[in-house]
Amino acid sequence: MAEQATPTTGREWQLAARPNGWPQPTDFALVEAPIRQPGPGQILVRNDYLSVDPYMRGRMNDVKSYVPPFQLGQTMDGGAVGHVVASAAEGFEVGDAVLHGLGWREYATLDAKHAVKVDAELAPLSYYLGVLGMPGLTAYAGLLEVADFKEGDTVFVSGAAGAVGSLVGQFARLKGAKQVIGSAGSAQKVATLVDGYGFDSAFNYKDAPVREQLAAAAPDGIDVYFDNVGGDHLEAAIGALNVHGRVTLCGAIAQYNDTAAPAGPRNLALAIGKRLRLQGMLVNDHTALKGQFLAETAGWLKSGELRYDETVVDGVENTVDAFIGLLGGANTGKMVVRLTR
Ligand SMILES: NC(=O)c1ccc[n+]([C@@H]2O[C@H](COP(=O)([O-])OP(=O)(O)OC[C@H]3O[C@@H](n4cnc5c(N)ncnc54)[C@H](OP(=O)(O)O)[C@@H]3O)[C@@H](O)[C@H]2O)c1
C-alpha cells in the first residue's frame with residue numbers, strides 16, 4: 001500500500017434539519033470527522049472539487065425517490081473529483097485523479113470500484129463534474145435521444161444559462177438546429193446566451209410572461225422543448241409546440257422549494273391534437289451513450305466550437321452557500337466548489 005502524509009481529520013457537511021421551502025444555512029452542519037485509512041480494495045481521496053446540483057434539494061426531503069434521501073446527522077454525498085492520497089486497491093496509485101460520489105467533504109474513503117479514473121491532461125478536473133460529466137451527458141442524451149432532435153428543428157430550452165441548459169442550446173446549434181431559443185433569469189445571462197453560446201435569441205423570464213416572450217421569439221412555433229424548469233415555462237412551451245413536437249422533462253426547478261402542490265400545465269389537452277410527446281428522463285438510463293458523448297463533446301471543446309462556463313466558489317465551508325446560490329440563480333454554467341488551489 002502506497003501512502004502519503006494526510007491529516008487525521010477532515011471537514012464534512014451533514015444535514016442537520018430537513019428544509020421546509022428554501023434551504024437555510026441552519027439546516028446544515030460542518031463537522032470535523034476522522035479520516036479513515038483505506039481497507040483492502042479501497043482508496044483515500046483528497047477532493048479538489050465538489051459538485052452542487054439541483055437534484056440534491058429533493059434528497060433533503062424524506063420522500064421515496066429515484067435516489068435515497070439524505071439522512072439527518074449523516075454526511076451528505078454527491079459528485080466530486082480529487083486525487084488519490086492513499087491506495088490499497090489494485091490499479092489505483094497515489095496521485096491518480098478520480099471522479100466519485102462522496103462529495104460534500106474534504107477527504108473520502110471509498111471502494112475503488114466506485115471511482116472512475118479521469119484524465120487531468122485532457123481537461124481541467126472540474127470539467128468531469130460538468131461538461132464532460134453528468135450534466136453534459138444529461139444535455140446530450142436529453143436532446144438527441146429523448147427529444148429525438150433532428151437537424152432543422154427549432155429548439156427552446158429553459159434554465160439556459162445553467163450547466164445543462166447552456167450545453168443543450170449549444171449541442172442543438174452544433175447539430176444543425178434551425179433556431180435555438182433560451183430563457184434565463186437575468187439580462188446578463190440573456191446576453192451570454194446570444195453572444196457567448198450562439199443562441200439565436202433569448203429572453204429573461206422575469207421580464208414578462210413566458211408565453212408572450214416565447215411567442216415573439218418563435219412565431220413559427222417550436223419543435224423541441226428541453227424543460228429544466230416546469231411551471232409556466234412548460235405551459236408556454238406546450239402552447240408554442242408544433243404538431244409532433246417533443247418535450248424532454250429533465251427538471252422542474254421552479255417547484256423544488258414549493259411547500260404546496262404546484263399547478264399543472266393548464267393546457268395539457270393541447271398535447272392531444274398536436275400529437276405531442278412529453279418524456280421524462282434520468283441521465284443514468286443513458287450511460288450507453290457515454291463514449292459517443294465524450295468523444296464528440298471533447299472534440300467541440302478542443303476546436304473551440306463549444307463554450308463552457310463555471311461559477312467557482314472557494315472553500316469547503318462555503319459549499320452550502322454555493323448550493324443555495326445555485327437554487328437562486330447565482331451561477332452561470334456549472335456551479336462547483338473548489339477545495340484546493
Ligand atoms: N433528469 C436528470 O437526469 C437530470 C440531470 C441533471 C439535471 N437535471 C435537472 O436539470 C435542471 C438544470 O440542472 P443544472 O445542474 O444544469 O442546474 P443549473 O441550471 O446550472 O442551475 C439551476 C438554475 O435554475 C434556475 N432557476 C432557479 N429557479 C428558477 C425558477 N423559478 N424559474 C426558472 N429558472 C430557475 C437558475 O437560473 P436563472 O438565473 O436563469 O433563474 C439557476 O442557475 C434542474 O432542474 C435539474 O434538476 C435533471
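So, for the range 134-252, what is the accessible surface per residue at a probe of 1.4 Å, expressed in square angstrom?
Details: 3880 Å² over 119 residues.
On a per-residue basis, 33 Å².
Rounded to a whole number, what % of the accessible area of the chain do carbon and sulfur atoms account for, probe 1.4 Å? Walk me through the intermediate numbers first.
On the way: 7640 of 15010 Å².
Carbon with sulfur: 51 percent of the solvent-accessible area.
Past 24 Å, Cα to Cα, is the threshold; run Lys175/Lys302; Lys150/Lys189; Lys178/Lys274; Lys150/Lys274 against it and keep the listed order. Intermediate values should be presented prior to the final figure.
On the way: Lys175/Lys302 17 Å; Lys150/Lys189 27 Å; Lys178/Lys274 20 Å; Lys150/Lys274 18 Å.
With Cα atoms farther than 24 Å apart: Lys150/Lys189.
Need one number for the range 132-229: average projected area of the convex hull over its C-alpha atoms, nm².
Values: hull surface 22.2 nm².
Computed as one quarter of the Cα hull surface, the answer is 5.6 nm².
Considering only the other residues whose Cβ falls under 13 Å of the Cβ of Met60, what net charge follows from Lys and Arg at +1 and Asp and Glu at -1?
Details: positive: Arg18, Arg57, Arg59; negative: Asp27, Asp53, Asp62, Asp77.
Local charge sum for Met60: -1.
Stokes-Einstein at 10 °C, 1.306 mPa s, Kirkwood radius from Cα pairs: D for the range 31-144 in µm² s⁻¹?
On the way: Rh = 15.0 Å.
So the translational diffusion coefficient is about 106 µm²/s.
Please check which bits of the range 109-124 a label hung off Leu294 would reach, taking the label as a point 7 Å along Cα-to-C-beta and the cut-off as backbone N under 18 Å.
Residues 112-124 fall inside that zone.
Largest first and in whole Å, give the semi-axes of the chain's equivalent ellipsoid, each being the square root of 5 times a Cα gyration tensor eigenvalue. Please list the in-between numbers first.
On the way: eigenvalues 268, 100, 57 Å².
For the chain, the ellipsoid semi-axes come out as 37, 22, 17 Å.
Any idea what the relative contact order of the range 36-169 is, in percent, if you count C-alpha pairs under 8 Å spaced at least 6 apart? Provide the component values of the computation, followed by the final result.
On the way: 226 pairs, mean separation 30.8, N = 134.
Computed value for the range 36-169: 23 percent relative contact order.
Within 12 Å, Cβ to Cβ, of Arg211, how many net charges do the neighbouring residues add up to if Lys/Arg are +1 and Asp/Glu are -1?
Working: positive: Arg266; negative: Glu212, Asp232, Glu235.
Residues near Arg211 contribute -2 overall.
Rounded to the nearest 0.05, what FRET efficiency is calculated for Asn284 and Val243 with R0 set to 45 Å and r the Cβ-Cβ distance?
About 0.90, to the nearest 0.05.
With an 8 Å cut-off on Cα pairs and a minimum separation of 6 or more residues, tell me the relative contact order of the chain in percent.
Details: 752 pairs, mean separation 57.5, N = 341.
Relative contact order, the chain: 17 percent.
Between Glu212 and Asp119, what is the spin-label point distance in nm, taking each point 7 Å from the Cα along the Cα→C-beta axis?
Inter-label distance under the simple model: 5.1 nm.
Pop a pseudo-label 7 angstrom from the Cα along the beta-carbon direction at both Glu90 and Ala330 and give the gap in nm to one decimal.
Modelled inter-label distance: 4.5 nm.
Please report, in debye to the nearest 20, how large the charge dipole of the chain is about its Cα centre when each Lys and Arg carries +1 at its beta carbon and each Asp and Glu carries -1 there.
Details: 28 positive and 37 negative charges, 126 e Å.
Computed charge dipole of the chain: roughly 600 debye.
Treat every Asp and Glu Cβ in the range 147-205 as -1 and every Lys and Arg Cβ as +1, leave all other atoms uncharged, and give the resulting dipole magnitude about the Cα centre to the nearest 20 debye.
Details: 5 positive and 5 negative charges, 9 e Å.
It comes to approximately 40 debye.
Projecting each Cα onto the charge dipole of the chain (Lys/Arg +1, Asp/Glu -1 at the beta carbon, about the Cα centre), which of Pro262, Pro19, Ala330 comes out farthest on the positive side?
Pro262
Within the chain, what's the longest stretch lacking GluC sites (Glu not before Pro) that sit in DSSP loops with no more than 15 other Cβ atoms inside 10 Å?
Values: sites that count: Glu90, Glu93, Glu121, Glu151, Glu305.
Segment 152-304 is the longest.
Along each of the three principal axes of the Cα atoms of the range 245-287, give the extent in whole Å, ordering the values from largest to smallest.
Projected onto its principal axes, the Cα set of the range 245-287 covers 33, 33, 10 Å.
In the chain, if the dipole is taken from +1 on Lys/Arg beta carbons and -1 on Asp/Glu beta carbons about the Cα centre, which of Ala33, His114, Val98 is farthest to the positive end?
Of the candidates, His114 comes out farthest on the positive side.
For Arg36 and Glu317, what does the FRET efficiency come to when R0 = 35 Å and r is the distance between their Cβ atoms, rounded to the nearest 0.05?
Working: r = 22 Å, r/R0 = 0.62.
Calculated transfer efficiency: 0.95.
How high is the relative contact order of the range 211-341, given as a whole-number percent (alpha carbon pairs under 8 Å, six or more residues apart)?
18
For the range 193-252, take the convex hull of the Cα atoms, compute a quarter of its surface area, and give me that in nm², please. Could the numbers behind the result be given before it?
Details: hull surface 17.1 nm².
Hull-based average projected area comes out at 4.3 nm².
The values are calculated or read from the model by the stated rules, or taken from the named source; none is laboratory data. The model shown is predicted, which means the values in this text are computed figures rather than measured ones. When we count neighbours, we look across all protein chains shown, and the Cβ atoms used for this are built from the backbone with ideal geometry, even at glycine. We work out accessible area using only protein heavy atoms, side chains counted, and drop any ligands, DNA or RNA first. Shrake-Rupley method; radii C 1.70, N 1.55, O 1.52, S 1.80 Å.
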